[in-house]
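Nothing in this text is a laboratory measurement; each read-out follows from the coordinates by a stated rule. Predicted model only: the values in this text are computed from it and were never measured. Because the Cβ atoms are built from the backbone with ideal geometry, glycine has one as well, and the counts that use them run over all protein chains shown.
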Amino acid sequence: MGAISRKKIISSFMEAWNAHDIDGIMKYMDEDSAFMEAAGMEVGGKVHVGKAKVRQGFSAVLERFPDAQWQLGEILVQGPRAYVEWMFTASVSNNRRIQVNGIDILHFRGAKIKLKDSYIKNRPPVAA
């Protein structure tokens, strides 16, 4: 699978995130997938292993930030790995808003995402 095909998959994957379509998101994930959150007690962030656990982790993000949007930036594909830049925006309590840059490192197995490893800048919420 080539870089152009993977970029198309990533664009569709991110569209599903912005639509908060968990089924649409999960159709791009490998059966044996993993999700490494940007935060957590583990060195690499909280880890969800297996498609059911990944779905739970993704669903928790969507539930925590019901108006979240990811503005897609540059996508760099190197073989089975892709680096996906984005800007995350979401409302939080007390009329505050999060707006921060982040990146996903995606590992592919064929046309499916085997690993989503997320990194995000640490910036306090600002007035909405």
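Observations on the structure shown:
- Residue list for the range 58-68, restricted to those being under 19 Å from M36 (Cα atoms) and either touching a Leu at 6+ places or on another chain (Cβ under 6 Å) or surrounded by fewer than 14 Cβ atoms within 10 Å (Cβ to Cβ) (or both): A60, E63, R64
- Number of residues in the range 86-97 that are hydroxyl-bearing (S, T, Y) and either exposed (fewer than 13 other Cβ atoms within 10 Å of the Cβ) or in a helix (DSSP H, G or I) (or both) equals 1.
- Restricting the range 16-72 to residues that are farther than 27 Å from R97 by Cα and of a type in the set (G, A, S), the residue that is nearest to the chain's Cα centre (by Cα): A34
- Residue that is surrounded by the fewest Cβ atoms within 10 Å (Cβ to Cβ), among those in the range 98-112 that are of a type in the set (A, V, I, L, M, F, W, C) and in a strand (DSSP E or B): I105
- Looking only at residues in the range 1-15 that are within 13 Å of the chain's Cα centre (by Cα) and surrounded by fewer than 15 Cβ atoms within 10 Å (Cβ to Cβ), the one that is farthest from I113 (Cα to Cα) is E15.
- Condition broken by M29, with the remaining ones in (1) of a type in the set (A, V, I, L, M); (2) under 26 Å from G2 (Cβ atoms); (3) surrounded by fewer than 17 Cβ atoms within 10 Å (Cβ to Cβ) satisfied: (3)
- Out of A60, A34, one residue alone is of a type in the set (A, V, I, L, M) and more than 23 Å from G79 (Cα to Cα). It is A60.
- Here G50 passes the criteria (1) at negative phi; (2) in contact with an Asp or Glu (Cβ under 8 Å, 6 or more places away or on another chain) except the one numbered (1).
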